[in-house]
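Asks: The structure under discussion is supplied below as structure tokens; questions concerning it will follow.
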Amino acid sequence: MLLTIDIGNTNITMGVFEGEFLLGMFRMTTKRQRTSDEYGFTICGILEHRGIDPKKIDAVIIASVVPDIMHSFTSGIIKYLDTTPILVSAETDTGVKVLSDNPSRTGPDRIVNAVAGYAIAQGPAIVIDFGTATTYDLVGPERTLEACIIAPGIETAGRSLWGGAAMLPAIQIKKPDSILARDTVTGMQGGLVFGAVGQTEYIVRRMKEESGYTDAYVIATGGLGKIIAKETDCIDLYDPQLTLNGLRLIYERRKEN
């Protein structure tokens, strides 16, 4: 069995695959103060609770955008799962070429999403990841990661809103019944959700126009992506497992080579 791990700024998302089948998907918060024993013990506990024997994990592959935790995290994997994880970077043979002035600064999560996005589209794609940041990645027809836009994530924008304005409360991010809000909470919800929809539609349209990939297949992922995907026709597919599947595809490519 393969353990795939996506380490983001807010959450660590894990998936266990047996072949192409995803046995389970789990999350834990990204805390920078954990020791290797805490990481290893927590991961094993989550697996056991979901009926997966940690001893049956044959390999681990990780995409991380949080360098500060990687020493403790990888040490925990090695000690508790008895395997050395594969760490995805711009130097990894993923099958996708990064067209950037400085490929080494390209987030591993974006590379992994490009791999999975191309596998679905089999041609030009725009991959949108609604996470701590909202990223829009353009994948070309020749498996090239060609361009990106990075915007504040929906929840990040929300925290900035209620953290910077004394009279605005922390709220649940969800679509209100109407954009014509009659109170503060639904007004904030409308601004965040419909604002993200408008941003998504505009950026996708401009990316298609400027790239010439007018038929690019648009795939969304990330926790809040489901809310946005329901509100716009510009997203062709919402796939919450996109990054984990990309990690699986990279691992399989590594095995074949």
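Asks: At 1.4 Å probe size, with the rest of the protein present, what percent of the exposed accessible area of the range 11-50 is carbon and sulfur atoms? Write out the running numbers ahead of the final one.
Replies: Values: 1100 of 2280 Å².
Result for the range 11-50: 48 percent of the exposed heavy-atom area is carbon or sulfur.
Asks: Counting DSSP beta bridges with both partners in the range 81-178, what percentage is antiparallel, nearest 5? Numbers along the way, then the final one.
Replies: On the way: 13 of 15 bridges.
Within the range 81-178, antiparallel bridges account for around 85 percent of the total.
Asks: Hey, what number do you get for the chain at 222 nm if only DSSP H runs of n ≥ 4 count, each worth -39500 (n - 2.57), divided across all residues, to the nearest 500?
Replies: -12500 deg cm²/dmol
Asks: Would you mind checking 175/230; 97/226; 175/208; 174/208; 174/226; 31/226 for any pair whose Cα atoms are more than 20 angstrom apart?
Replies: Numbers: 175/230 10 Å; 97/226 28 Å; 175/208 27 Å; 174/208 28 Å; 174/226 10 Å; 31/226 25 Å.
Too far apart for the 20 Å limit: 97/226; 175/208; 174/208; 31/226.
Asks: Could you tell me which residue out of 92, 134, 102 lies farthest along the dipole of the chain toward its positive end? Charges go on the beta carbon: Lys and Arg +1, Asp and Glu -1, centred on the Cα centre.
Replies: Selected residue: 134.
Asks: Hey, rough spin-label estimate for residue 184 and residue 33, points 7 angstrom out along Cα→Cβ, what's it come to in nanometres?
Replies: A separation of 3.0 nm, rounded to one decimal place.
Asks: Only sites in a loop by DSSP and with at most 16 other Cβ atoms within 10 Å count here; which trypsin sites (Lys or Arg not before Pro) in the range 141-183 make the cut?
Replies: 143, 174, 182
Asks: Let me ask something additional. Taking 10 °C and 1.306 mPa s as the conditions, I'd like the Stokes-Einstein D for the range 7-77 in µm²/s, using the Kirkwood hydrodynamic radius from alpha carbon pairs.
Replies: Values: Rh = 12.6 Å.
Stokes-Einstein gives a translational diffusion coefficient of 126 µm²/s.
Asks: Under the definition of Cα pairs under 8 Å and six or more residues apart, what whole-number percent is the relative contact order of the range 1-140? Walk me through the intermediate numbers first.
Replies: On the way: 230 pairs, mean separation 27.2, N = 140.
Reported as a whole number, the value is 19 percent.
Asks: May I ask you to derive the FRET efficiency for residue 147 and residue 256 from their Cβ-Cβ distance with R0 = 35 Å, giving the value to the nearest 0.05? Let's see the in-between values first.
Replies: On the way: r = 29 Å, r/R0 = 0.82.
For R0 = 35 Å, the calculated efficiency reads 0.75.
Asks: Follow-up question, since we're still on this one. Calculate how large, on average over all directions, the projected area of the Cα convex hull of the range 131-257 is; give the answer in nm² to one decimal.
Replies: 9.3
Asks: Another one. Which percent, nearest 5, of DSSP beta bridges in the chain are antiparallel?
Replies: Expressed as a percentage, antiparallel bridges in the chain total about 60.
Asks: Let me ask something additional. Between residue 168 and residue 241, what is the spin-label point distance in nm, taking each point 7 Å from the Cα along the Cα→C-beta axis?
Replies: In this crude label model, residue 168 to residue 241 measures out at 3.7 nm.
Asks: Using Cα atoms only, what is the angle between the long axis of helix 242-256 and the major principal axis of the chain, expressed in degrees (0 to 90) to the nearest 10?
Replies: 30
Asks: For the range 54-145, what size does the Cα cloud have along each of its three principal axes, sorted from largest down, in whole Å?
Replies: Principal-axis extents of the Cα atoms in the range 54-145, largest first: 41, 27, 24 Å.
Asks: What is the Cα radius of gyration of the chain over 2.2 N^0.38 Å, N being its residue count? Can you show the working numbers first?
Replies: Details: Rg = 19.0 Å, N = 257, 2.2 N^0.38 = 18.1 Å.
That ratio works out to 1.05.
Asks: Taking all protein chains in place and a 1.4 Å probe, what share, in percent, of the accessible surface of the range 105-216 do carbon and sulfur account for?
Replies: 52
Asks: Skip the ligands, DNA and RNA, and give the accessible area per residue of the chain with a 1.4 Å probe, whole Å². Intermediate results must be reported in sequence, preceding the final value.
Replies: Details: 12960 Å² over 257 residues.
Accessible area per residue, the chain: 50 Å².
Asks: Give the residue from 203, 158, 121 lying farthest towards the positive end of the charge dipole for the chain; charges sit on Cβ (+1 for Lys and Arg, -1 for Asp and Glu) and the dipole is referred to the Cα centre.
Replies: 158
Asks: Once you charge only the Cβ atoms, +1 for Lys and Arg and -1 for Asp and Glu, what is the size of the charge dipole of the range 99-177 about its Cα centre, to the nearest 20 debye? Can you show the working numbers first?
Replies: Working: 6 positive and 8 negative charges, 44 e Å.
Computed charge dipole of the range 99-177: roughly 200 debye.
Asks: A follow-up question, please. Evaluate the distance, in nm, between pseudo-label points positioned 7 Å from the Cα of residue 55 and of residue 202 along their respective Cα→Cβ axes.
Replies: 5.8
Asks: Tell me the angle of helix 184-211 to the major Cα principal axis of the chain, expressed in degrees between 0 and 90 and rounded to the nearest ten.
Replies: It is inclined by approximately 80 degrees.
The values are calculated or read from the model by the stated rules, or taken from the named source; none is laboratory data. This one's a predicted model, so the numbers in the text were calculated from it and none came from an experiment. Positions of Cβ are generated from backbone atoms using ideal geometry, with glycine treated the same way; all protein chains shown enter the neighbour counts. Each accessible area value is taken on the protein alone, full model and side chains, heavy atoms only, with ligands, DNA and RNA left out. Shrake-Rupley method; radii C 1.70, N 1.55, O 1.52, S 1.80 Å.
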